[in-house]
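Report on one structure; see the data block that follows.
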Amino acid sequence: QLQVVESGGGLVQPGGSLRLSCSASGFKLDYFAIAWFRQAPGKEREGVSCITGSGGATNYADSVKGRFTISRDNAKTTAYLQMSSLKPEDTAVYYCAAVFSWSEAQCGLGQGEYGFWGQGTQVTVSS
């Protein structure tokens, strides 16, 4: 079965950048759509971005469009979330999630679509 592990979180000042990594093991990553979710204290978990198995399609939440970029390197079995122009409201635990999918046409940001989840990595944006 697929296992995913997030890394790269930490403390960054407003306006700064951070890159999160999602490392996968257990199966060929090409067959899995990958998504990033986040959850701040007292708030619902929200979908941030997703990418299809071969990287042919992506989606972003409106709140991060133009600031975050999702990508993947299947040869390294790793997906990334490059975060720029970070704001205090981006502070949250960020989770990587995966689902087996043959589709290259689309991916979704609903948490119920994903069956494999990482443990989360904390991102704190503060001066």
Can you pull out the residues in region 6-46 that are of a type in the set (A, V, I, L, M) and within 17 Å of Gln111 (Cα to Cα)? Ala33, Ile34, Ala35, Ala40
Of all strands (runs of 3 or more DSSP E) fully inside region 29-127, the set with 2 or more residues that are crowded, with 21+ Cβ neighbours inside 10 Å and touching a Cys at 6+ places or on another chain (Cβ under 9 Å) is 32-39, 46-51, 68-73, 78-83, 92-100
Filter region 1-41 for residues that are among the small types (Gly, Ala, Ser) and in contact with a Lys or Arg (Cβ under 7 Å, 6 or more places away or on another chain) and give the result. Gly8
Among the residues of region 1-18, which ones are open to solvent by 40 Å² or more (accessible area, probe 1.4 Å) and either of a type in the set (S, T, N, Q) or not in a loop (DSSP other than H, G, I, E, B) (or both)? Gln1, Gln3, Val5, Ser7, Leu11, Gln13, Ser17
Any residue in region 65-77 that is closer than 17 Å to Ser23 by Cα sitting within a Cβ distance under 6 Å of a residue that is among the acidic types (Asp, Glu) and not in a strand (DSSP E or B)? List the pairs, counting only those 6 or more apart or interchain. Asn74/Asp30
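The values are calculated or read from the model by the stated rules, or taken from the named source; none is laboratory data. Quantities reported herein were computed from a predicted structural model and do not represent experimental measurements. Virtual Cβ from ideal backbone geometry, glycine too; neighbours counted across all protein chains shown. Protein only, heavy atoms only, side chains kept; ligands, DNA and RNA dropped before computing areas. Shrake-Rupley method; radii C 1.70, N 1.55, O 1.52, S 1.80 Å.
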